[in-house]
Structures are given as C-alpha cells and as structure tokens.
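J.: Handing you a structure now.
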There are 2 protein chains.
Amino acid sequence: MGVDVIRTVGEMHHAADVMRQSGQKIGLVPTMGFLHKGHLSLVEHALEVTDRVVVSIFVNPIQFGPSEDLDAYPRDLDRDLKLISDLGAHIAYVPSVEEMYPEGFVTSVAVTDLTANLCGRARPGHFEGVTTVVAKLFATVKPHVAVFGQKDAQQAIVIRRMARDLNMDVGVMIAPTVREADGLAMSSRNVYLSAGERQEATALYRALMLGQKMIERGERCAQKVVAVMFDVIAPQPHAEIDYIEVVDAEQLTPATELSDSILLAVAVRFGKARLIDNTLVQVG
Amino acid sequence: MGVDVIRTVGEMHHAADVMRQSGQKIGLVPTMGFLHKGHLSLVEHALEVTDRVVVSIFVNPIQFGPSEDLDAYPRDLDRDLKLISDLGAHIAYVPSVEEMYPEGFVTSVAVTDLTANLCGRARPGHFEGVTTVVAKLFATVKPHVAVFGQKDAQQAIVIRRMARDLNMDVGVMIAPTVREADGLAMSSRNVYLSAGERQEATALYRALMLGQKMIERGERCAQKVVAVMFDVIAPQPHAEIDYIEVVDAEQLTPATELSDSILLAVAVRFGKARLIDNTLVQVG
C-alpha cells in the first residue's frame, strides 16, 4: 500500500508542516469515502496541481439530518485506500468521529445567504455541518489547494465563500462532474437505487440537458425552463422531486430573467436515495 | 520605525509563509490598538516564546453591539506602532474594515455553551464577532502561538476552545492581567473614566481580592462570596453592576459548591465605561 494512513489531528499537523517546510504544495480532496470515479477524478486534479495529495475519508455525522442516511451511508475503507493508493495519492487522513468531535465540542462555522436555497432549504443544518468539518480539515491538513466536485455545486460555492471570508490561504478548485455512460452523475448514494430506480434516475441528466438547450436556443424565462425539466422528471414512477431550480451561479438566488452565469439544479428522491445534479449555463 | 506594517491579507499570507519556510516560529498578539502596558506585556510574552511577533491592530466592528462604543473607541496608530516597535515586535498587521469585511461577507464562527454566561449574556453577538475575527487573524497570520490577556478571561477561554474544536494548529497562551498601582486592570476603556469614576473603579479589584480571600479562608458558598463583593462595589456612586459571578474556570458555568478551579468575574459600568475584571482561585 503506497498511501500513508494518518488518523489523528496531531500527526496530520506534523506531516503537513514537514511537507510545507520542504517546499511541497499540498492538495486536499475531502471525501466521505466509498470512492467512485468522481472522487478519483478529484484526486487526479489534485495530483496535477500539487506535489503531495491528501485524501480525507470521514463520514461527517454533523452534516446529516436526524432522518437522513448517516447509519446506512456506504463505507469500504480497504477498497478506498487501494483505489487512491493505485492512483498515486500520498496520504489518507482517516480520523475517527471521536477525534473530530471530542466531548465538549461546541464550535461551528456558518455561511449564511448562500445556504438559504436549494439543498440548504431542503436539509436544514447540512451546510453548517459541511463548513464546520471543512474548516477543520483545512486547519488540519494545511492544503494549498482543495478540490471539490461540481456535482455538489452549492457545497463548492459555499466552501469557496467560507475560505475567502475567513482569509484561509487555500485555493478552492471545482472539478467537472463525472457521469455514467447514460449521464447519471457518479454518487456514493447511487448504490441505494434499485434496478428500476437506476433506470428512472437518468431523467435528471436528460432534464438538465433539455433545460440547457432551451436557454442556449434563446429561452430567457426561468419558469418555462423549470416546467420543461419538471415534465421530464415528474413522470418517473418513483421520482419525488425535492427541487428543480434555475439560480444565479454565484449568488444562488432565483433567476427570473436569465442572464450571465446560470445554474440549473435538481434534487430528486428515488426510494432511499436523494440524488442531486446540476449544469452551468452561460447566457448571452 | 523597526516594525513592518502590513495592511492586506495577501501580503500577510506571503510574509507568514516566508517566516514559516525559514523555520521561524510566529507569535501573534491580536489587539484593537490604543495599546497600554497590558498589551505590551502580551507582546513581551510572545517575544519570549517565538522568533517573529506580529501585533494585529484592528477595531473589529462585528464584536460591538448596536448601542456600544464602536465609534468612540480610542485609536492612535502612530503611537501604537512606536510602542511595539520600541519593544522589538516585527510586524504590525493593520487591515482596513473593507479588507476584513468586503462586500458579500457572510461567514461566522461561533462557540456555544461557553458564551451563554458572563459577558456573553450581557453582550449578545459579541463573542461570535470575536471568534470570527480571531479565526480570520489565525488564518491570515498563521501563528504558532497567540497570546491573550487573562483580563478578558472568557474571551481567552472561548478562543482556546475554538482553536481546539477547529483543529487550528495554534497554541493559545493566556498572560496575567497588568494592573495600575492601585489595582485597576489596564484597559483601553479606562480613558472614558472621569477622575471620580477612576477612583471608584478601584472597587472592582478590591472586591475580587476580598472574594478570593474568603474562599482561601474556607468559604465554600458562592452566594456569600458574591454578596460580599457586591457590598464593595454597589456603594460606589457611579457604579452600575452588570454582573458579579462565581463560575467554574473551565466551563464558565455558575459554581454553587466551590471546588477545583474557580473564576471570580465582575463587569461594572461607570458612565461610558464598561469595565471587566476577574481573578482565578484554586479551591482545595
């Protein structure tokens, strides 16, 4: 196994200092494990722009709501370590829940405004859990660059704002979504899908592509774009739509007249799986 | 002037990286300026334990309540720079409000529990402003050690918890309170006191010493200690008591049966000045 496994904050601090003092650029890919090709592409991006790549693997309890899938969340550490080792990552940072949230843990990091819409509305407290854990990971791993996926667009934008607002000296890189052959975005939660749901779930990507095409062909009314996307997803027998939104890609506020940079974003439940996906569109 | 003045996040990040890469330990003393002997003793502590000392000077608007003294807060940058330069500090980090809180700033760092009592109750939002700005300063200056004063005991304890909870690799040092000859704790806000109020304000220290003596002589009932301290402060004609409390020195929760480490803490208004002071007592 080529990857070093570090399990404590103190050892990770020390390893980060050693790398930095020898002039090496540190890249961080934060994950919740059960890695798929999407994660691996983030690792590849990190390997391209930094000298030492740390992959953190931690299923972060504080970003799950009380009725969400924390206990069911898939885990396979041995497989994860082999995958990132084969790819050439240098360190796996794998802290325990007790290491991350010891008794008496009472601190939180929050980004307001950007978290009011989309998944922030659907999952109260979720982004505070994300920004808190990422602030901890940044402080522990001391990366020069951290790589996040476009699939979790709101998360990436929120983290970029946190890093800017708190003057963290970390470049936040956002890498393209990796998809299955039929367009379904890679996600650890895809394992929850039955064969039938898996088939229906391709509607997300089809809806996004249709919405994008409408805008590219001149449509400027967000409501009409949403209606067309709705008509692709809603007929799927197991689809429960959480949201279909057209928002400003920077502020994440609802876009009515479309201009500049627009994010089409969807969240849909199929049985136990809540899937999200999105696409960026440049308008005129 | 021997001290370098740095005014932007980017330049401070760079200077911090240069110091760290050459193996120098960085000390940080965060201040709101208008420096007195208390601040200077913090700088001296930092000089003792680190190689390069950064003094930040920033009157942080977000830690003042709407009816508090932000606009009146005393400022004298030239004098401050001369004082820390004479002492041998290396860098003054003096960002503008726009540099610290640019348009679209929406992130906060909060420590719950420890901020429910004492000044946290009297000044809602104050500690969130403190932890947010200190998180920013830690990320910008990248210190190995940061020095805070025991006079602001709750602030120091809250910041130590924040640093621990967020895995910040910063040692939080707490240095003893520096006092005038008659016991009044040094504070930039002492300039608000009229001559008569200045005289009355010595009651804070006398009350704390009396409370401490009672406990050292065996008193274990917090209520009795508070009553005696009250009787020293309340008779002062201009004193408006904000709180007189006896709390656990770690958790800052009210101590009823006194044991272990106890903090006696007072906050009293004299005209425009809200003064705080405290003393630590080891029980048994």
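The values are calculated or read from the model by the stated rules, or taken from the named source; none is laboratory data. Every value quoted in this text rests on a predicted model; they were computed, and no experiment measured them. Heads up, the Cβs are rebuilt from the backbone with ideal geometry, glycines too, and the neighbour counts pull from every protein chain shown.
J.: Quick one: A:Asp69 ticks every box in (1) in contact (Cβ under 8 Å) with a residue 24 or more places away in the chain; (2) within 18 Å of A:Val172 (Cβ to Cβ) except a single one, so which number is it?
T.: Of (1) in contact (Cβ under 8 Å) with a residue 24 or more places away in the chain; (2) within 18 Å of A:Val172 (Cβ to Cβ), only one is false for A:Asp69: (2).
J.: Condition first: under 22 Å from B:Ser259 (Cα atoms) and in the same structural domain as B:Lys25 (by TED's automatic domain parsing). Can you find one or more residues in region B:202-218 that meet it?
T.: no
J.: Which of the following residues is modelled with pLDDT of 95 or more, touching a helix residue (DSSP H, G or I) at 6+ places or on another chain (Cβ under 6 Å) and assigned by TED's automatic domain parsing to the domain that holds B:His36: B:Val170, B:Val266?
T.: Values: B:Val266 fails: assigned by TED's automatic domain parsing to the domain that holds B:His36.
Of B:Val170, B:Val266, the one residue that is modelled with pLDDT of 95 or more, touching a helix residue (DSSP H, G or I) at 6+ places or on another chain (Cβ under 6 Å) and assigned by TED's automatic domain parsing to the domain that holds B:His36 is B:Val170.
J.: A:Ala92: surrounded by 21 or more Cβ atoms within 10 Å (Cβ to Cβ), in contact with an Asp or Glu (Cβ under 8 Å, 6 or more places away or on another chain) and either over 26 Å from B:Val130 (Cβ atoms) or in the same structural domain as A:Asp242 (by TED's automatic domain parsing) (or both), yes or no? Spell out the reasoning first.
T.: Details: surrounded by 21 or more Cβ atoms within 10 Å (Cβ to Cβ): yes; in contact with an Asp or Glu (Cβ under 8 Å, 6 or more places away or on another chain): yes; either over 26 Å from B:Val130 (Cβ atoms) or in the same structural domain as A:Asp242 (by TED's automatic domain parsing) (or both): yes.
Yes, satisfied.
J.: If we only count strands (runs of 3 or more DSSP E) wholly inside region A:99-199, which ones have 1 or more residues that are aromatic (Phe, Trp, Tyr)? Outline the logic, then answer.
T.: Working: elements: A:107-111, A:145-149, A:171-175.
Because the criterion is at least 1 residues that are aromatic (Phe, Trp, Tyr), the strands (runs of 3 or more DSSP E) in region A:99-199 that meet it are A:145-149.
J.: State whether one or more residues within region B:59-71 are out of contact with any Leu (no Cβ under 8 Å at 6 or more places or on another chain), surrounded by fewer than 19 Cβ atoms within 10 Å (Cβ to Cβ) and within 13 Å of another protein chain (Cβ to nearest Cβ). Show your work before the answer.
T.: Narrowing region B:59-71 to residues out of contact with any Leu (no Cβ under 8 Å at 6 or more places or on another chain): B:60, B:62-63, B:65-71.
Keeping just the survivors that are surrounded by fewer than 19 Cβ atoms within 10 Å (Cβ to Cβ) gives B:62, B:65-71.
Next, from what is left, pick out any that are within 13 Å of another protein chain (Cβ to nearest Cβ): B:62.
Yes, region B:59-71 contains a residue that is out of contact with any Leu (no Cβ under 8 Å at 6 or more places or on another chain), surrounded by fewer than 19 Cβ atoms within 10 Å (Cβ to Cβ) and within 13 Å of another protein chain (Cβ to nearest Cβ).
J.: Suppose we keep only residues that are more than 14 Å from every other protein chain (Cβ to nearest Cβ) and in contact with a strand residue (DSSP E or B) (Cβ under 7 Å, 6 or more places away or on another chain) within region A:87-131. Which one would you say is modelled with the lowest pLDDT?
T.: Among residues in region A:87-131 that are more than 14 Å from every other protein chain (Cβ to nearest Cβ) and in contact with a strand residue (DSSP E or B) (Cβ under 7 Å, 6 or more places away or on another chain), the one modelled with the lowest pLDDT is A:Ala122.
J.: Hey, can you tell me all the residues within region B:136-180 that are of a type in the set (Gly, Ala, Ser) and more than 10 Å from every other protein chain (Cβ to nearest Cβ)?
T.: B:Ala146, B:Gly149, B:Ala153, B:Ala156, B:Gly171, B:Ala175 - these are the residues of region B:136-180 that are of a type in the set (Gly, Ala, Ser) and more than 10 Å from every other protein chain (Cβ to nearest Cβ).
J.: For region A:38-78, what are the residues that are in a helix (DSSP H, G or I) and over 27 Å from A:Cys119 (Cβ atoms)?
T.: Within region A:38-78, the first condition is being in a helix (DSSP H, G or I), and the residues that meet it are A:38-49, A:61-63, A:77-78.
Selection gives A:Leu47, A:Glu48, A:Val49, A:Asp78.
J.: Keeping to region B:79-89, report how many residues are surrounded by 14 or more Cβ atoms within 10 Å (Cβ to Cβ) and in a loop (DSSP other than H, G, I, E, B). First the steps, then the outcome.
T.: Just the residues of region B:79-89 that are surrounded by 14 or more Cβ atoms within 10 Å (Cβ to Cβ), to begin with: B:80-85, B:87, B:89.
Subset that is in a loop (DSSP other than H, G, I, E, B): B:89.
Of the residues in that region, 1 qualify.
J.: Can you find even one residue in region A:120-127 that is within 30 Å of A:Glu250 (Cα to Cα) and of a type in the set (A, V, I, L, M, F, W, C)? Walk me through it before giving the result.
T.: Going residue by residue through region A:120-127, those that are within 30 Å of A:Glu250 (Cα to Cα) are A:120-127.
Now narrow it down to the ones that are of a type in the set (A, V, I, L, M, F, W, C): A:122, A:127.
Yes: region A:120-127 contains one or more residues that are within 30 Å of A:Glu250 (Cα to Cα) and of a type in the set (A, V, I, L, M, F, W, C).
J.: Out of B:Met229, B:Met162, B:Met209, I need the residue that is under 29 Å from B:Val134 (Cβ atoms) and touching a strand residue (DSSP E or B) at 6+ places or on another chain (Cβ under 9 Å). Which one? If you could, list the steps in order and put the result at the bottom.
T.: Working: B:Met229 fails: under 29 Å from B:Val134 (Cβ atoms); B:Met209 fails: under 29 Å from B:Val134 (Cβ atoms).
Among B:Met229, B:Met162, B:Met209, only B:Met162 is under 29 Å from B:Val134 (Cβ atoms) and touching a strand residue (DSSP E or B) at 6+ places or on another chain (Cβ under 9 Å).
For (1) surrounded by fewer than 19 Cβ atoms within 10 Å (Cβ to Cβ); (2) closer than 18 Å to B:Arg161 by Cα, each residue gets a yes or a no:
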site	(1), (2)
A:Pro102	yes, yes
A:Thr107	no, yes
A:Ala110	no, yes
A:Ala116	yes, no
A:Cys119	no, no
A:Gly149	no, no
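J.: While we're on this one: List, please: which pairs have Cβ atoms under 8 Å, are six or more places apart or on different chains, and start with a residue in region A:22-49 that is closer than 15 Å to A:Gly171 by Cα and end with one that is surrounded by fewer than 23 Cβ atoms within 10 Å (Cβ to Cβ) and small (Gly, Ala, Ser)?
T.: Going by the 8 Å Cβ cut-off, the qualifying pairs are A:Leu42/A:Ala175; A:His45/A:Ala175; A:Leu47/A:Gly88.
J.: For residues in region A:12-37 being in a strand (DSSP E or B) and within 14 Å of chain B (Cβ to nearest Cβ), which is surrounded by the fewest Cβ atoms within 10 Å (Cβ to Cβ)? Please lay out each step first, then the result.
T.: Applying the first criterion (in a strand (DSSP E or B)) to region A:12-37 yields A:26-31.
In the following step, the residues that additionally are within 14 Å of chain B (Cβ to nearest Cβ) were identified as A:26, A:28, A:30.
Values: A:Ile26: 23, A:Leu28: 29, A:Pro30: 26.
Of everything passing the filter in region A:12-37, A:Ile26 is surrounded by the fewest Cβ atoms within 10 Å (Cβ to Cβ).
Per-residue answers, yes or no, for (1) among the β-branched types (Val, Ile, Thr); (2) surrounded by fewer than 19 Cβ atoms within 10 Å (Cβ to Cβ):
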{"site": "A:Gly183", "(1), (2)": "no, yes"}
{"site": "A:Val191", "(1), (2)": "yes, yes"}
{"site": "A:Ser194", "(1), (2)": "no, yes"}
{"site": "A:Leu204", "(1), (2)": "no, no"}
{"site": "A:Met209", "(1), (2)": "no, yes"}
{"site": "A:Cys221", "(1), (2)": "no, yes"}
{"site": "A:Pro235", "(1), (2)": "no, yes"}
{"site": "A:Ala239", "(1), (2)": "no, no"}
{"site": "A:Val246", "(1), (2)": "yes, no"}
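J.: A further question follows. Whether any residue in region B:9-24 is assigned by TED's automatic domain parsing to the domain that holds B:Leu81 and touching a Leu at 6+ places or on another chain (Cβ under 6 Å) is what I want to check. Break it down into steps so the answer makes sense when it comes.
T.: Taking region B:9-24 first, the residues assigned by TED's automatic domain parsing to the domain that holds B:Leu81 are B:9-24.
Still in the running and touching a Leu at 6+ places or on another chain (Cβ under 6 Å): none.
Looking for residues that are assigned by TED's automatic domain parsing to the domain that holds B:Leu81 and touching a Leu at 6+ places or on another chain (Cβ under 6 Å), one finds none in region B:9-24, hence no.
J.: Those residues that are within 22 Å of B:Pro143 (Cβ to Cβ), among the β-branched types (Val, Ile, Thr) and out of contact with any Asp or Glu (no Cβ under 7 Å at 6 or more places or on another chain), I need them from region A:8-64; list them, please.
T.: Selection gives A:Val18, A:Ile26.
J.: For region A:248-262, which residues satisfy the criterion of being surrounded by 18 or more Cβ atoms within 10 Å (Cβ to Cβ) and either under 24 Å from A:Ile159 (Cβ atoms) or at pLDDT 95 or above (or both)?
T.: Initial filter on region A:248-262 (surrounded by 18 or more Cβ atoms within 10 Å (Cβ to Cβ)): A:249, A:252, A:255, A:258, A:262.
If the condition is that a residue be surrounded by 18 or more Cβ atoms within 10 Å (Cβ to Cβ) and either under 24 Å from A:Ile159 (Cβ atoms) or at pLDDT 95 or above (or both), then A:Ala249, A:Leu252, A:Ala255, A:Ile262 are the ones that fit.
Okay, residues lined up against (1) free of Cβ contacts under 8 Å to residues at least 40 places away in the same chain; (2) hydrophobic (A, V, I, L, M, F, W, C):
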residue: A:Arg179; (1), (2): yes, no
residue: A:Ala185; (1), (2): no, yes
residue: A:Ala222; (1), (2): yes, yes
residue: A:Ala227; (1), (2): yes, yes
residue: A:His238; (1), (2): no, no
residue: A:Gln251; (1), (2): no, no
